[in-house]
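Everything below concerns the one structure shown next.
Derivation of every value follows stated rules applied to the coordinates shown; laboratory data play no part. The model shown is predicted, which means the values in this text are computed figures rather than measured ones. Cβ atoms come from the backbone with ideal geometry, glycine included; neighbour counts cover every protein chain shown.
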Amino acid sequence: MSENGYPIDFVITWVDGNDPAWQAEKAKYQKATGDARANRYREWDTLRYWFRGVENYAPWVNRIFFVTWGHLPAWLNTEHPKLRIVNHKDYIPEEYLPTFSSRPIDMNFHRIEELSEHFVYFNDDMFLIRPVERSDFFVNGLPCDSAVQDVIAPKGKGTNGEALIGDAQYTAIFYDTAVINRNFDKREVLKANHSKWFTMKYKKNVFKNYLLNEWNYFTGFKMIHMPYSYLKDTYREVWEREATVLSQACKNKFRTTTDVNHFVFSYWQLAKGTFEPRGLSEGSLMSLANDDDRNQRIYSTIRNQTKKFICVNDTFTGDNYEEVKQNLVASFEAILPEKSTFEV
């Protein structure tokens, strides 16, 4: 099939943590166990630059599915022909609603009827900052990804050094890996797709695959925070095989230490061989923190457009939030100053 023979959609999930109606709904369940930290929902006023990035750097995209609790940015052009507004209740089974966890939101995308078979999932902190091609996400109809093994272990501390005990941010990958190991034989996986696992596209990371080659089970996979290329068929297959595990994660109102997360679909594609190898240098995960030097590196990466993708993670806990937000917005404004057609 030619690279232009199938549509590729983008999916982005967004929540307005300042919406009083949403806050009131969340407060009803606040005592539920799980990860309810404020920075999970904090607004950085950067969403318009996501749309500007897509329009400028990925004009070939078929449609954009904007997934939301119900609120919308006042500036969003909801009549744009490429835009589809998707409310949680439009596709997430009622038994999982309302939710304040990303799990049911991003583990049920296959239920969005209009969504194309080939789609790319963006968190709202993932941005395009340079031109991208369809082949950055799919090649020969297969999702682009990096099959790099890793040894996962509880970190015990957050990005800023704060103590964490069983934090949901770090435990999901253990359960994701368990799903892969009980459904796939590692030896057979590596043998069947040897060239995809042992390619120099991964540069020095390929040596992890060689070093971990002798282990009988997968000890984990490298977490790569770039836009995620998925097939809806992968979602259907994993739900068919692991419905109990996925459903339990979807029932939790907040992110919980016993959850799997959407990485299970990515790892499944790797184990099954339904992917094309992609290098890890195209994008970068960078975290806003209480460290001006680190934050300056984020601003510089955006302004200098040294990557195609950047994920700006929110780990900031300082008291100069407004200053950091203004600097971040100014960095995006420097490369994407013009309004997009997605803005009124």
FRET E, pair I85, A153, Förster distance 45 Å, beta-carbon r, rounded to 0.05: 0.65
Cα-based shape type of the chain, given that a ≥ b ≥ c are square roots of the gyration tensor eigenvalues and the cut on a/c is 1.5: rounded
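Could you tell me which of the pairs K82/K251; K222/K308; K204/K308; K28/K339; K82/K222 are separated by over 28 angstrom between their Cα atoms in the structure shown?
Among K82/K251; K222/K308; K204/K308; K28/K339; K82/K222, the Cα-Cα distance tops 28 Å for K82/K251; K28/K339; K82/K222.
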Karplus 3J(HN,Hα) series, Hz, for region 135-145 with 6.51 cos²θ - 1.76 cosθ + 1.60 (x for Gly, Pro): 5, 6, 10, 9, 9, 6, x, 9, x, 8, 7
Expected 222 nm ellipticity per residue - DSSP helices of 4 or more, -39500 (n - 2.57), all of the chain, to 500: -9500 deg cm²/dmol
Computed lengthening from T199 to E242, 0.36 nm per intervening residue step minus Cα-Cα distance: 12.5 nm
Positive minus negative residues near P98 (Lys, Arg vs Asp, Glu; Cβ under 9 Å): +3
